[in-house]
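One structure is given here, and the rest of the page talks about it.
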Amino acid sequence: MFDRRTMFSGLAGVATGAMALLKSKKAEAANAAPSHLGFKGDVEVRGSTDRNERLPTLDLESQQDFLTGFRIWNQTSFRTLAPERMNQRLEERGIDPASNPSITAILDIADTDPVLGLAAHTWLNCQFFTWKTIQDHFHADADRYLDELEAADKLGPGTLELHPDMKLPDHTKHEIHIMPGGYVGDSLGGYMFHHGTNNFYTNKNNKDELHRVYANAVPLPADGVVKRVLDVGCTIGQMTVALKERFPEAEIWGIDAGAPMLRYGHMRAVDLGVEVHLAQRLAEDMKFEDNSFDIVTSYILHHEMPAEISKQHVREAFRVLRPGGVFFPIDFYTGSNKPSPLAHQKYRHFWDMRWNNEVWWDEYESLDLLGAMRAVGFEATENGPRAWIGSKNLLGIKPA
Amino acid sequence: MATTKHKADRPDYASDFIPSDVERGVFLGNPVLDNMMASMIALGTEVWSMRRRMKVLEAVLEEKGITKQMVEQYVPTAEQEAAWEKDRDRFIDLTYSPMLREGDLPISSTFTRKKK
């Protein structure tokens, strides 16, 4: 059985699973990943490797190298040790670890156990220093990178739509994953997100390999017609670009609340020469015309939103999809696909929510996303094709 | 707002945000221990960066004709040996002498002023 949060935190497992899927879908994924084209104003201090710009200094690259190694070390060292320790401490107190112990009993142990504390502390500080080292570099030379973003804002082949006066709802403003400023609050947040998540994916996504797997997993409408695709909560547009690679003739849109993410994503798409349209819009109020998309998808979006906003988004997705259109929200296990919670998993979920700022995790866990899809009219199943964690994914079809 | 320091007249498209409080978390039973562990991770980051730079330097030097073998087989002069040992001992003293402290006073202990 997978420990989904452990997998999420180190991603070694996810990456391995996804890479296996990538291999099995080799033919589908054969579309070539574009390399950098560059543009006037592009800042590439140390050049690029394939489609990834190198980090701007050797020291920053080495710092990320260390923290990636440290992340893997943490993951490997505590994967067995921490659950065993939790079980041992529960048994000492006469509690059967398999009896679904209360979170109160679990936290009572965690508060006083140095091994469990160390596992959490070292993971969180690895995360903290990953963000900090990147942020410190880009902030120290802010105008240079803001110049770079500005140079790309108006360039094509795609488009960028921002709304500086947009009133953002509070649920978009948290520092998810303790990234400084979150998705909305740091003008150079896109740089931080991209380089930080490369570390998070332990360098197994430097060429968007994982996003390409997920884009290739999206099912087609029954009639096979794909003219317009929407990627919701697209951040820096990695899956958006991958969707364009998969559907080169289609018009591909990505939306997100975070302008700093979109700006960086647009600049990267310009640099790659990929035509995607990125727009600052809300998942719960997308402002697209009715029946105007063939596919609406998202990658790990729903667990980063309040349950009520998820439901509103499902309603919006139904509205903007044309009859026969496909809704494919890729996220953690949902519905009956969830594994049984073990004691240490419950602890891991807790501190990920509380300390890694997975603010809406508990709401996501109790959300009946399949039910929400059916409630708005989707013909929905939880046995859609495998995309991310688990062997299957939720899938909704708007009735023709 | 985690705004960057940049020219005042340019839009930065950043909004206000709700900060996390992760730096207030105590995971090791004592905030000082937490801080020390965090410092150790930061120190590791810096030490590895330096070692990695050395590897790059060695690779560049090799391309320029100074081979790794030449570096490995380099024999310091007696003067260099003496200077490096001195520096090594300074490094060890700075790094490890705090381990020899014998702290035994609780934070609430009173301070006895010595009389002249």
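For segment A:177-221, which residues satisfy the criterion of being farther than 30 Å from A:Leu395 by Cβ, assigned to a loop (DSSP other than H, G, I, E, B) and of a type in the set (S, T, N, Q)?
Passing the criteria: A:Ser187, A:Asn203.
Can you confirm whether A:Ile252 is out of contact with any strand residue (DSSP E or B) (no Cβ under 9 Å at 6 or more places or on another chain), open to solvent by less than 20 Å² (accessible area, probe 1.4 Å) and within 22 Å of A:Asp285 (Cβ to Cβ)?
On the way: out of contact with any strand residue (DSSP E or B) (no Cβ under 9 Å at 6 or more places or on another chain): no; open to solvent by less than 20 Å² (accessible area, probe 1.4 Å): yes; within 22 Å of A:Asp285 (Cβ to Cβ): yes.
No: the conditions fail for A:Ile252.
Would you mind listing the helices (runs of 4 or more DSSP H) fully within segment B:1-112 where at least 2 residues are among the acidic types (Asp, Glu) and open to solvent by 80 Å² or more (accessible area, probe 1.4 Å)? Show your work before the answer.
Values: elements: B:31-63, B:68-72, B:78-96.
In segment B:1-112, the matching helices (runs of 4 or more DSSP H) lie at B:31-63, B:78-96.
All but one of (1) open to solvent by less than 10 Å² (accessible area, probe 1.4 Å); (2) more than 28 Å from B:Ala42 (Cβ to Cβ) hold for A:Ala151, so report the exception by its number.
The failed condition is (1).
For A:Val241, state whether it is farther than 23 Å from B:Ala14 by Cβ, surrounded by 22 or more Cβ atoms within 10 Å (Cβ to Cβ) and at pLDDT 95 or above. Show your work before the answer.
Numbers: farther than 23 Å from B:Ala14 by Cβ: yes; surrounded by 22 or more Cβ atoms within 10 Å (Cβ to Cβ): yes; at pLDDT 95 or above: yes.
When the stated conditions are applied, A:Val241 passes them.
Quick check on my filter: what residues within segment A:294-316 are hydrophobic (A, V, I, L, M, F, W, C) and farther than 22 Å from A:Val213 by Cβ? So that I can check it myself, show each step before the final result.
So in segment A:294-316, the residues hydrophobic (A, V, I, L, M, F, W, C) come out as A:295-296, A:300-301, A:305, A:307, A:309, A:314.
Once the filter is applied, which keeps residues that are hydrophobic (A, V, I, L, M, F, W, C) and farther than 22 Å from A:Val213 by Cβ, segment A:294-316 yields A:Met305, A:Ala307, A:Ile309, A:Val314.
For the list (1) among the small types (Gly, Ala, Ser); (2) within 18 Å of the chain's Cα centre (by Cα); (3) closer than 29 Å to A:Lys392 by Cβ, I need the number of the one condition that A:Gly224 fails.
(2) is the only condition that A:Gly224 fails.
Listed residues A:Phe138, A:Phe200; which is within 14 Å of the chain's Cα centre (by Cα) and aromatic (Phe, Trp, Tyr)?
Answer to the check: A:Phe200.
This table checks each residue for (1) under 20 Å from A:Gln75 (Cβ atoms); (2) of a type in the set (S, T, N, Q); (3) crowded, with 19+ Cβ neighbours inside 10 Å; (4) under 19 Å from the mean Cα position of the chain (by Cα).
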| site | (1), (2), (3), (4) |
| --- | --- |
| A:Phe327 | no, no, yes, yes |
| A:Asp352 | yes, no, yes, yes |
| A:Asn357 | yes, yes, yes, yes |
| A:Ile389 | yes, no, yes, yes |
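Of all strands (runs of 3 or more DSSP E) completely enclosed by segment A:287-400, which ones contain at least 1 residues that are charged (D, E, K, R)? It would help to see each step written out before you state the result.
Values: elements: A:293-299, A:321-330, A:379-384, A:393-397.
It comes to A:293-299, A:321-330, A:379-384.
For segment A:118-125, does any single residue satisfy the condition of being crowded, with 22+ Cβ neighbours inside 10 Å, within 13 Å of chain B (Cβ to nearest Cβ), without any contact (Cβ under 8 Å) to a residue 24 or more places away in the chain and out of contact with any Pro (no Cβ under 8 Å at 6 or more places or on another chain)?
yes
When segment A:167-192 is examined, which residues are found to be more than 10 Å from chain B (Cβ to nearest Cβ) and either free of Cβ contacts under 8 Å to residues at least 12 places away in the same chain or open to solvent by 20 Å² or more (accessible area, probe 1.4 Å) (or both)?
Within segment A:167-192, just A:Pro169 meets the criteria.
Any idea which of (1) surrounded by fewer than 21 Cβ atoms within 10 Å (Cβ to Cβ); (2) under 23 Å from A:Lys167 (Cβ atoms) is the one A:His313 doesn't satisfy?
(1)
Looking at segment A:126-148, which of the residues that are charged (D, E, K, R) and closer than 30 Å to B:Gly44 by Cβ is farthest from the other protein chains (Cβ to nearest Cβ)?
From segment A:126-148, those charged (D, E, K, R) are A:132, A:136, A:141, A:143-144, A:147-148; that's our starting set.
Add one more test, that the residue is closer than 30 Å to B:Gly44 by Cβ, and what stays is A:132, A:136, A:141, A:144.
On the way: A:Lys132: 9, A:Asp136: 11, A:Asp141: 9, A:Arg144: 9 Å.
Per the criteria, the residue is A:Asp136.
For A:Gly94, only one of the following conditions fails: (1) at negative phi; (2) modelled with pLDDT of 90 or more. What is its number?
Result: A:Gly94 passes all but (1).
The values are calculated or read from the model by the stated rules, or taken from the named source; none is laboratory data. This one's a predicted model, so the numbers in the text were calculated from it and none came from an experiment. A quick note on method: Cβ atoms are made from the backbone with ideal geometry, for glycine too, and the neighbour counts reach across all protein chains shown. For accessibility, only protein heavy atoms count, side chains too; no ligands or nucleic acids. Shrake-Rupley method; radii C 1.70, N 1.55, O 1.52, S 1.80 Å.
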